[in-house]
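Read through the structure below, which is laid out as structure tokens, and then see the notes.
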Amino acid sequence: MQRFSVPVEYPVYFARNVFDPASQVVAEAICRLGESRRHRVLACVDSGLAAAQPSLVERIKEYFHARGGAGGRLELLAGPVLLPGGPAAKTDWKAVRELMWTMGNLHLDRQSFVLAIGGGSMLDMAGFAAGIVHRGVRLVRVPTTTLSQCDAGIGVKNGMDEHGKKNFVGTFAAPFAVINDLDMLTTLSHADWIAGVAEALKVAIIKDAEFFDELCASAAAIGNRDQAAMERLVRRCAKLHLDHIAGGGDPFELGSARPLDFGHWSAHKLEIMSMYQLSHGQAVSIGIAIDSCYAAQMGLLSEQEVSRVLTSLEACGLPTWSAHLGRLSTDGVPEVLDGLEEFREHLGGALTVTLPRGIGARVEVHTMDAGALVGAIESLRRRAGG
Ligand SMILES: NC(=O)c1ccc[n+]([C@@H]2O[C@H](COP(=O)([O-])OP(=O)(O)OC[C@H]3O[C@@H](n4cnc5c(N)ncnc54)[C@H](O)[C@@H]3O)[C@@H](O)[C@H]2O)c1
Ligand SMILES: [Zn+2]
């Protein structure tokens, strides 16, 4: 029996304005092992972010220029590369290939850095490329959306969508460091601003009743762009995710359960069915609504609890219904239900779906009753007035 274990550790910083010349965070993250050499860095910027923050690319160049002279510790390889952002990034194999070629042309070695700055989609794509070139070069992520700062950008996975399925291709690869720059969030569209709330409600409902109460109380303010409330949400949600990865006993998902993916079996299916017209955050919101109504039918949530869940989602502007839920497959059942088997297949083994049991606790189920699911979807249709 061959046996060894390898410790995994990486810092997750919460900071502001990290490309200000005076900020040490990026330099500290890259130099964190205390190696006495110059670090070679390929910076990649999400094109949507670059459009929203036109001075960013220049600021990154200046940041590295100030630390790149004789005796400097950082070397920026070429100007930052712009990579496609948004859901299309995760189906863009041409962009992955170009990024791999750029890494090759610039002679990145395993100890060189890819500094990826952007939303969860671009981070998943750039992280995938960085994870397979030389079987893995060092990756520093700078997540720039609420959802990526509280969930997608802080964990150990990357992924591409392929074969009509979310994250069909990807690797488990821990980052070298993560830097959450809270100032990045100010330029997000309304839809991308509230997307992170869906993941926060997801984890609060199944793990943290007090956090859920706070989110219910602040949902409307967050929807109205209360920056301080959003920052509290991002920090707390990130902590819950990080604690789960570190302490949940299955960081690389070898088992059949994915306890933090409450609401995700239908969310992933809806993203694909809508051809990404529904973002991940919006789809997760609808997924939470479906599974909460289902949990109520199964006696796991009270009517009052499910009503609080739906109200909190809607209060900040997240959807609880989509016309795609009305699409039927040839056997007359909602097409979204195919997402259950796809979810099972992705994880392997027996179907395992996490549902809330009251607020702040969870239960894993291995079957879902199709009739009750149709009932849950119908109740959401009625609520939406359809
Ligand atoms: N790897 C994981 O563990 C994990 C976990 C959860 C979700 N995800 C993935 O994350 C993706 C969703 O990520 P997301 O919600 O961050 O959205 P996104 O990455 O799709 O970004 C949404 C939009 O915001 C733009 N943008 C990014 N930063 C901006 C900024 N600061 N200002 C203005 N615009 C900005 C992007 O260009 C894009 O157009 C999904 O594909 C999902 O599968 C991955
Ligand atoms: Zn998610």
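The values are calculated or read from the model by the stated rules, or taken from the named source; none is laboratory data. Just so you know, these numbers come straight off a predicted model, no measurement behind them. So basically every Cβ, Gly included, is an ideal-geometry build from the backbone, and we count neighbours across all protein chains shown.
Flag not set for Val45, criterion: in a loop (DSSP other than H, G, I, E, B) and aliphatic (A, V, I, L, M). Would you check if Ile206 is free of Cβ contacts under 8 Å to residues at least 40 places away in the same chain and either within 16 Å of ligand 2 (Cβ to nearest atom) or at negative phi (or both)? Judged against the criteria, Ile206 is not a match.
Checking Ala267, Ala246, Ala289 one by one, the residue that is surrounded by 22 or more Cβ atoms within 10 Å (Cβ to Cβ), more than 12 Å from ligand 2 (Cβ to nearest atom), modelled with pLDDT of 95 or more and in a helix (DSSP H, G or I) is Ala289 and no other.
Within the option set Arg357, Arg383, being touching a strand residue (DSSP E or B) at 6+ places or on another chain (Cβ under 7 Å) and of a type in the set (D, E, K, R) holds for one residue only, Arg357. If you go through the stretch 318-343 and pick out every residue that is assigned to a helix (DSSP H, G or I), out of contact with any Ser or Thr (no Cβ under 8 Å at 6 or more places or on another chain) and not hydrophobic (A, V, I, L, M, F, W, C), you end up with 3. The residues in the stretch 74-88 that are at pLDDT 95 or above and away from ligand 1 (no atom under 16 Å from the Cβ) can be counted, and the count is 4.
For the stretch 292-302, the condition holds for no residue, the condition being that it is within 16 Å of ligand 1 (Cβ to nearest atom), touching a residue at least 24 places away in the same chain (Cβ under 8 Å) and surrounded by fewer than 18 Cβ atoms within 10 Å (Cβ to Cβ).
Note on the stretch 133-147: residues that are in a loop (DSSP other than H, G, I, E, B) and within 12 Å of ligand 1 (Cβ to nearest atom) amount to 2. Test Gly358 against the stated conditions and say whether it is under 26 Å from Arg308 (Cβ atoms) and either surrounded by fewer than 16 Cβ atoms within 10 Å (Cβ to Cβ) or aromatic (Phe, Trp, Tyr) (or both). Yes.
Applying the criterion of being in contact with a strand residue (DSSP E or B) (Cβ under 8 Å, 6 or more places away or on another chain), of a type in the set (Gly, Ala, Ser) and touching a residue at least 40 places away in the same chain (Cβ under 8 Å) to the residues of the stretch 153-191, the residue that is farthest from ligand 2 (Cβ to nearest atom) is Ala177.
Just a yes or no: is a residue in the stretch 121-132 surrounded by 24 or more Cβ atoms within 10 Å (Cβ to Cβ), under 23 Å from Lys269 (Cβ atoms) and in contact with a Leu (Cβ under 6 Å, 6 or more places away or on another chain)? Yes - at least one qualifying residue is present in the stretch 121-132. Here the condition is being under 30 Å from Met273 (Cα atoms), within 16 Å of ligand 1 (Cβ to nearest atom) and in a strand (DSSP E or B); of Ala51, Ala95, Ala130, Ala116, it holds for Ala116 alone. Residue count for the stretch 72-91, restricted to those that are over 18 Å from the mean Cα position of the chain (by Cα) and either assigned to a loop (DSSP other than H, G, I, E, B) or farther than 18 Å from Ala50 by Cβ (or both): 8. In the set Val142, Val137, only one residue is more than 16 Å from ligand 2 (Cβ to nearest atom), free of Cβ contacts under 8 Å to residues at least 60 places away in the same chain, at negative phi and touching a strand residue (DSSP E or B) at 6+ places or on another chain (Cβ under 7 Å); that residue is Val137. Only one of the listed residues (Arg258, Arg327) is closer than 16 Å to Leu373 by Cα, among the basic types (Lys, Arg) and surrounded by fewer than 23 Cβ atoms within 10 Å (Cβ to Cβ). That residue is Arg327.
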